[in-house]
Amino acid sequence: MSDELIIYLDGEYVKESEAKVSVFDHGLLYGDGVFEGIRFYNGRIFKCKEHIDRIFAAAKAIMLEIPMSKEEMKEVLIETCRRNNLKDGYIRLVVTRGRGDLGLSPTKCPKPTVFCIASTITLYPKEMYEKGMPIITAAQRRNKATIVDPQVKSLNYLNNILAKIEANRAGASEALMLNHDGIVAECTGDNIFIVKDGVIYTPPIHVGILDGITRRTIMDLAKEMGIEIYEKEFTLYNVYNADECFLTGTAAEAIAVTQVDGRTIGSGVAGPITKKLLKAFQEYARNNGEPIYE
Ligand code: PXG
């Protein structure tokens, strides 16, 4: 058996070394495309339908017609995991405008490029879930929803990458991004939650954030547990003075933040609500999802 990954690319399953995209692909030339990052746990694709719905919605927003049905896309996700014999890992699904010419116009791109990678995932170290992580606020603001709406998980992540560079330079793992009005939006690849007096708050979509699938799952789990949770605008003041703060995302699941811009959050370690939600999330994620192997 080859130790190369098997990649889905435009209708075929090919070896990683043969999975090549044109230098004329507008995904590369202009960041013209959309993507998803999806986890699979214990042989099941987590929130498979939600991720497929989200990429179709993003494609619709940028007027990109995905050349397959949602059902066919589900089969691609499943088959890519199967061909690589994977039970736990991470899927990267990408749809670009396709190969065109050197002009901007998508009319020169007759066929979107679709590829899917299923691989393993590098996680944050385990201790970080106990100790929590330090983050910083980036000077870089989150894209305004009236420019390119952050709800579109597009191939243009420069905004977030610039914020990530600020985090790296400050020795932090993540950067918190504010919107144009200074309202807390999200991190570069995670949504943010704070806890105050037993109540959870997370920014609403309209401040300009990705409608995270982990975010929705955590909101549902909190409601089921009877914890009050609201989508509400807040500022850095509320973050600095929160009892707990945590981030959610496909890769991180739910991870505590214990320092923001040098201010210690709450007790300085992962708080009880964060820990309870992470446990519930992990339990839920390992027992729900689209089966890969029948
Ligand atoms: N906000 C942004 C801007 C994201 O890109 C999330 C929130 C969390 O959404 P989900 O649906 O995953 O709960 C994301 C998703 C990475 C990486 O390498 C992160 C994402 C996507 C791909 C890679 O950190 N984040």
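The values are calculated or read from the model by the stated rules, or taken from the named source; none is laboratory data. Remember, it's a predicted structure, so these values are computed and weren't measured experimentally. Cβ placement follows ideal geometry from the backbone for every residue including glycine, while neighbour counts extend to all protein chains displayed. Side chains are part of the model used for accessible areas, which takes the heavy atoms of the whole protein and leaves out ligands, DNA and RNA. Shrake-Rupley method; radii C 1.70, N 1.55, O 1.52, S 1.80 Å.
Would you confirm, using the coordinates I've provided, whether MET63 is over 20 Å from the mean Cα position of the chain (by Cα), under 28 Å from THR188 (Cβ atoms) and free of Cβ contacts under 8 Å to residues at least 60 places away in the same chain? I'd like the intermediate steps shown before the answer.
Values: over 20 Å from the mean Cα position of the chain (by Cα): yes; under 28 Å from THR188 (Cβ atoms): yes; free of Cβ contacts under 8 Å to residues at least 60 places away in the same chain: yes.
It is true that MET63 is over 20 Å from the mean Cα position of the chain (by Cα), under 28 Å from THR188 (Cβ atoms) and free of Cβ contacts under 8 Å to residues at least 60 places away in the same chain.
I'm trying to understand the selection: among the residues of the range 89-145, which are over 30 Å from ASP53 (Cα atoms) and of a type in the set (A, V, I, L, M, F, W, C)?
Matches in the range 89-145: LEU102, MET128, MET133, ILE135, ILE136, ALA138, ALA139.
Suppose we keep only residues that are open to solvent by 20 Å² or more (accessible area, probe 1.4 Å) and hydrophobic (A, V, I, L, M, F, W, C) within the range 230-257. Which one would you say is farthest from THR120 (Cα to Cα)?
Pass one, the range 230-257, residues open to solvent by 20 Å² or more (accessible area, probe 1.4 Å): 230-233, 235-238, 240-241, 243, 250-251.
Then keep just the ones that are hydrophobic (A, V, I, L, M, F, W, C); that gives 236, 251.
Working: LEU236: 35, ALA251: 11 Å.
The selected residue is LEU236.
Applying the selection to the range 250-279, what residues are on the phi > 0 side of the Ramachandran plot and within 16 Å of the ligand (Cβ to nearest atom)?
So the first thing to find is which residues in the range 250-279 are on the phi > 0 side of the Ramachandran plot, and the list is 253, 261-262, 266, 268.
Of everything in the range 250-279, just one residue is on the phi > 0 side of the Ramachandran plot and within 16 Å of the ligand (Cβ to nearest atom), namely GLU253.
Kindly evaluate TYR30 against the criterion of being open to solvent by less than 40 Å² (accessible area, probe 1.4 Å), closer than 19 Å to THR113 by Cα, among the hydroxyl-bearing types (Ser, Thr, Tyr) and modelled with pLDDT of 95 or more.
It is false that TYR30 is open to solvent by less than 40 Å² (accessible area, probe 1.4 Å), closer than 19 Å to THR113 by Cα, among the hydroxyl-bearing types (Ser, Thr, Tyr) and modelled with pLDDT of 95 or more.
Keeping to the range 130-140, report how many residues are in a loop (DSSP other than H, G, I, E, B) and of a type in the set (A, V, I, L, M, F, W, C).
Filtering the range 130-140 for residues in a loop (DSSP other than H, G, I, E, B) gives 132, 138-140.
Next, only the ones that are of a type in the set (A, V, I, L, M, F, W, C) stay: 138-139.
Qualifying residue count, the range 130-140: 2.
Looking at ASP211 and the list (1) assigned to a strand (DSSP E or B); (2) open to solvent by 20 Å² or more (accessible area, probe 1.4 Å); (3) within 11 Å of the ligand (Cβ to nearest atom), which single condition is not satisfied?
(1)
Using beta carbons and a limit of 9 Å, which pairs, at least six apart or on different chains, have the first residue in the range 117-132 and under 16 Å from ILE273 (Cα atoms) and the second one open to solvent by 60 Å² or more (accessible area, probe 1.4 Å) and in a loop (DSSP other than H, G, I, E, B)?
Partner pairs satisfying both residue conditions: GLU130/VAL269; LYS131/VAL269; GLY132/VAL269.
Here's a check for you: in the range 173-185, which residue that is open to solvent by 10 Å² or more (accessible area, probe 1.4 Å) and touching a Pro at 6+ places or on another chain (Cβ under 8 Å) is nearest to the ligand (Cβ to nearest atom)? Please lay out each step first, then the result.
The first filter runs over the range 173-185 and keeps only residues open to solvent by 10 Å² or more (accessible area, probe 1.4 Å), leaving 173, 178-183.
Of the ones still in play, those that are also touching a Pro at 6+ places or on another chain (Cβ under 8 Å) are 173, 183.
Details: SER173: 10, ILE183: 15 Å.
Out of the qualifying residues, it is SER173.
Any residue in the range 225-254 that is touching a residue at least 12 places away in the same chain (Cβ under 8 Å) and within 18 Å of LYS131 (Cβ to Cβ) sitting within a Cβ distance under 8 Å of a residue that is among the basic types (Lys, Arg) and away from the ligand (no atom under 13 Å from the Cβ)? List the pairs, counting only those 6 or more apart or interchain.
ALA242/LYS196; ASP243/LYS196
As an exercise: evaluate ASN143 against (1) in contact with a strand residue (DSSP E or B) (Cβ under 8 Å, 6 or more places away or on another chain); (2) outside the structural domain of PHE24 (by TED's automatic domain parsing); (3) assigned to a loop (DSSP other than H, G, I, E, B) and give the number of the one condition it does not meet.
(1)
Taking the condition open to solvent by 50 Å² or more (accessible area, probe 1.4 Å), within 16 Å of the ligand (Cβ to nearest atom) and in contact with a strand residue (DSSP E or B) (Cβ under 8 Å, 6 or more places away or on another chain), does VAL152 pass?
Numbers: open to solvent by 50 Å² or more (accessible area, probe 1.4 Å): no; within 16 Å of the ligand (Cβ to nearest atom): yes; in contact with a strand residue (DSSP E or B) (Cβ under 8 Å, 6 or more places away or on another chain): yes.
So VAL152 does not fit the description; no.
Give all pairs with beta carbons closer than 8 Å in which a residue from the range 41-56 that is over 20 Å from GLU283 (Cβ atoms) and modelled with pLDDT of 95 or more meets a residue that is basic (Lys, Arg) and within 10 Å of the ligand (Cβ to nearest atom); count only pairs at least 6 apart in sequence or on separate chains.
ARG54/LYS153; ILE55/LYS153
Is there a residue being surrounded by 13 or more Cβ atoms within 10 Å (Cβ to Cβ) and within 26 Å of THR188 (Cβ to Cβ) anywhere in the range 96-104?
yes
Does TYR293 meet the test of being open to solvent by 40 Å² or more (accessible area, probe 1.4 Å), closer than 27 Å to ASN42 by Cβ and not in a helix (DSSP H, G or I)?
Here the answer is yes, as TYR293 does meet what is asked.
Assess whether ILE192 counts as being of a type in the set (Val, Ile, Thr) and either in the same structural domain as PRO112 (by TED's automatic domain parsing) or within 10 Å of the ligand (Cβ to nearest atom) (or both).
For ILE192, the condition - of a type in the set (Val, Ile, Thr) and either in the same structural domain as PRO112 (by TED's automatic domain parsing) or within 10 Å of the ligand (Cβ to nearest atom) (or both) - is met.
Restricting to the range 14-61, name every residue that is acidic (Asp, Glu) and assigned to a strand (DSSP E or B).
Once the filter is applied, which keeps residues that are acidic (Asp, Glu) and assigned to a strand (DSSP E or B), the range 14-61 yields ASP25, GLU36.
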